[in-house]
Amino acid sequence: MTIDFYKLILLFLMSSLVYFFNIKFLRSTYQKAYKHQKYSSDFLGNPVGGYVIFFFIILFKLYLDYLELFFLFTIFFLGILSDIKIFNSPIKRLFFQIFIILTSISFSEIGVTSTRIDFIDYLLMNKVLNVLFTTFCILIVINGSNFIDGLNGLVTGYYLIIITLLLNYEFNLDLYFQSNLLVNFVIVLIILLLVNFLNKVFLGDNGSYLIGFLFSIYLIKIHQVNSSISPYFIILLLWYPCFENLFSIIRKKITKVLATDPDNSHLHQLFFQYILKKYKIKNKLIANNLTSLIINTYHFLIFYVGIQSINLTNVQLYLLGINIIVYICLYVFLNRFNKNLNK
């Protein structure tokens, strides 16, 4: 496995130019766009994480063909427009997300091939239903990734864990991308994680849309060529952004809040407040980083157990059940803690 230092240096230079351009011309715009993130941070970083990832995709050719690159760019560009408040309507963004994903799936061979439930698998044999179902799955991951991008390192660390575990497993990843390329991607994600912990850079909508879309496609491809893998292992890897998205929609429906309105009631935000207040940590950055490290450590352990029984659906379902129970119980506890704190 080799590291391409020249391309990594070029990537760093390109990303630095975008970073300083944003500071000079778009700083005030980001302050308004991400004012809700002041909940967990005294200082707002620069949402250029998606630029770093997209530059990597181009320089290292982390795509199959130019059509796939086009759709990756389109979802990334949609995130940029959202970040700079040009595309401010959540409903319109959702519509364009659906259009982009639906079109990309229609022009590719990407699709969910098996759920190991005969009736659903029979329905998925229909091309139209398969495209619609796959679009729905990717849409949930993309927006879920955006939902959990509220703490330093939470999203970047989460996907870094996934790709690192996959690289160390025995099935062949070289069918689509050489492992050398993925090793370089791991290095980039580690650097991105570190500057995120320092509160200098975060993903923003551009990065969370792009990384959610990229990993959705990648994991679907892995399952397509490794059919012995339980599809519920793939679901296990993506369960957190997916469940966060679905849970938030249900929660806001119950509390009569618009599903598109940002709030500070996501699990990671409540957990952050718990750590901040319970242990009387005065520095928000420390509590911020500590919270994401705890959450991602839990996911590393769950994923590590899951990958040991990667072909066994019953084990994956058991782990998914544990995750859902832990999430709901923890949410109820943290929500009560914060309500009692505010009395």
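The values are calculated or read from the model by the stated rules, or taken from the named source; none is laboratory data. Just so it is clear, the model here is predicted, and its values are computed rather than measured. Here Cβ is always computed from backbone atoms with ideal geometry, including for glycine, and neighbour counts include all displayed protein chains.
Quick look at the values:
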{"item": "Hey, Ile249 surrounded by fewer than 20 Cβ atoms within 10 Å (Cβ to Cβ), under 20 Å from Cys329 (Cα atoms), at pLDDT 95 or above and of a type in the set (A, V, I, L, M) or not", "result": "no"}
{"item": "Members of the range 251-297 that are over 20 Å from the mean Cα position of the chain (by Cα) and not in a helix (DSSP H, G or I)", "result": "Thr255, Lys256, Val257, Leu258, Tyr279, Lys280, Ile281, Lys282, Asn283"}
{"item": "Residues satisfying the stated conditions in the range 79-111, i.e. closer than 20 Å to Phe202 by Cα and at pLDDT 95 or above", "result": "none"}
{"item": "Failed criterion for Tyr279 (all others in (1) of a type outside the set (Val, Ile, Thr); (2) buried (at least 20 other Cβ atoms within 10 Å of the Cβ); (3) free of Cβ contacts under 8 Å to residues at least 40 places away in the same chain hold)", "result": "(2)"}
{"item": "Phe99 being assigned to a helix (DSSP H, G or I) and at negative phi", "result": "yes"}
{"item": "The range 108-121 - residue that is of a type outside the set (Val, Ile, Thr) and surrounded by 14 or more Cβ atoms within 10 Å (Cβ to Cβ) and, of those, nearest to Ile234 (Cα to Cα)", "result": "Ser114"}
{"item": "Answer from Leu320, Leu330 - the residue that is among the aliphatic types (A, V, I, L, M) and either surrounded by fewer than 17 Cβ atoms within 10 Å (Cβ to Cβ) or over 21 Å from the mean Cα position of the chain (by Cα) (or both)", "result": "Leu330"}
{"item": "Out of Phe233, Phe247, sole residue that is touching a Gly at 6+ places or on another chain (Cβ under 8 Å) and aromatic (Phe, Trp, Tyr)", "result": "Phe233"}
{"item": "Subset tally (residues that are farther than 23 Å from Gln97 by Cβ and of a type in the set (A, V, I, L, M, F, W, C)) for the range 223-238", "result": "4"}
{"item": "Residue check, Leu237 touching a residue at least 40 places away in the same chain (Cβ under 8 Å) and within 17 Å of the chain's Cα centre (by Cα)", "result": "yes"}
{"item": "Out of Asn180, Asn199, sole residue that is over 15 Å from the mean Cα position of the chain (by Cα) and on the phi > 0 side of the Ramachandran plot", "result": "Asn199"}
{"item": "Close pairs (6 angstrom Cβ cut-off, 6 or more residues apart or separate chains): in a loop (DSSP other than H, G, I, E, B) in the range 213-233, among the aliphatic types (A, V, I, L, M) anywhere", "result": "Ile229/Ile310"}
